[in-house]
Amino acid sequence: MSEGVEWALHSCLNLAWIGPERAVPAARLAAYHELPAAYLNKQLQALARVGIVTSVSGPKGGFRLARGLDRITLMDVVTAVEGPDEAFRCTEIRQQGPGAGPSGSYAAECAIAGAMGRAELAWRRELVSQTLDDVRERAELQAPAAPERIRQWFADA
């Protein structure tokens, strides 16, 4: 998974703490965590394409959340940034090289592909079961001053 997922998740939390009344430019969101603005902008555009954030143009433009954190799952963000493809793709290398059997002798699913598929399903189920609001609650328990500190930093711009 790329670091873009982490950046997108943090950006969503920051936008929630900043509030819906203000759009924030990608460069400003990037500056908060000292990230490359152009790369973060790509992640934000990916979020905008699937309706997690909206893009506002103009001098007071930027990004804001398109829906509440309780309606955004971790899987929504991962899929927006990484795409819907499975993380593991079996290419059937067991059918190559000196250990390969005769053609058609591999009717059963590859044991490795099966194990990886089950792990991926468990991982995806867990990501779908958690919303960004769940993450926000945990973050605020760990760092109660973070929301106000973030609001203040973005207000000073």
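Numbers at a glance
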{"item": "Pairwise FRET efficiency - Arg49 versus Ala139, Cβ, R0 = 22 Å, nearest 0.05", "result": "0.30"}
{"item": "Whole-angstrom gap from region 135-157 to region 1-71, using each part's C-alpha centre", "result": "15"}
{"item": "Residue among Gly97, Gly68, Gly51 with the largest mean-square fluctuation in a Gaussian network model of the chain, springs linking Cα atoms under 10 Å", "result": "Gly97"}
{"item": "Sparsely packed GluC sites (Glu not before Pro) within region 1-101, loop by DSSP, other Cβ within 10 Å at most 14", "result": "Glu21, Glu34, Glu86, Glu92"}
{"item": "Highest-fluctuation residue, Pro36, Pro98, Pro147 considered, GNM on the chain with Cα pairs under 10 Å", "result": "Pro98"}
{"item": "Estimated distance in nm for a label pair at Lys60 and Arg149, the labels positioned 7 Å out from Cα along Cα-to-Cβ", "result": "2.9"}
{"item": "FRET efficiency, 1/(1 + (r/R0)^6) with R0 22 Å, evaluated for Ala115 and Arg71 via beta carbons", "result": "0.10"}
{"item": "Scattering curve values for the chain, log₁₀ I(q)/I(0), Debye with Cα scatterers, q = 0.18 Å⁻¹", "result": "-1.06"}
{"item": "Average Cα contact separation per residue, the chain, under 8 Å, 6 or more apart, as relative contact order %", "result": "27"}
{"item": "Accessible area of region 38-157 divided out per residue, in Å², using a probe of 1.4 angstrom", "result": "64"}
{"item": "Rounded to whole Hz, the Karplus (6.51, -1.76, 1.60) HN-Hα couplings of region 52-66, x for glycine and proline", "result": "7, 10, 10, 9, 10, 8, x, x, 9, x, x, 10, 9, 5, 8"}
{"item": "Carbon + sulfur, % of accessible area of the chain - ligands and nucleic acids excluded, 1.4 Å", "result": "55"}
{"item": "With at most 11 neighbouring Cβ atoms within 10 Å, loop trypsin sites (Lys or Arg not before Pro) (DSSP) excluded, longest segment of the chain", "result": "90-157"}
{"item": "Low-density loop cleavage sites - chymotrypsin sites (Phe, Trp or Tyr not before Pro) in region 75-143, where at most 16 other Cβ are within 10 Å (DSSP)", "result": "Phe88, Tyr106"}
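The values are calculated or read from the model by the stated rules, or taken from the named source; none is laboratory data. On a predicted model such as this, the values are computed, not experimentally measured, just so you know. With ideal geometry, Cβ positions are generated from the backbone for all residues, glycine too; neighbour counts draw on all protein chains shown. Each accessible area value is taken on the protein alone, full model and side chains, heavy atoms only, with ligands, DNA and RNA left out. Shrake-Rupley method; radii C 1.70, N 1.55, O 1.52, S 1.80 Å.
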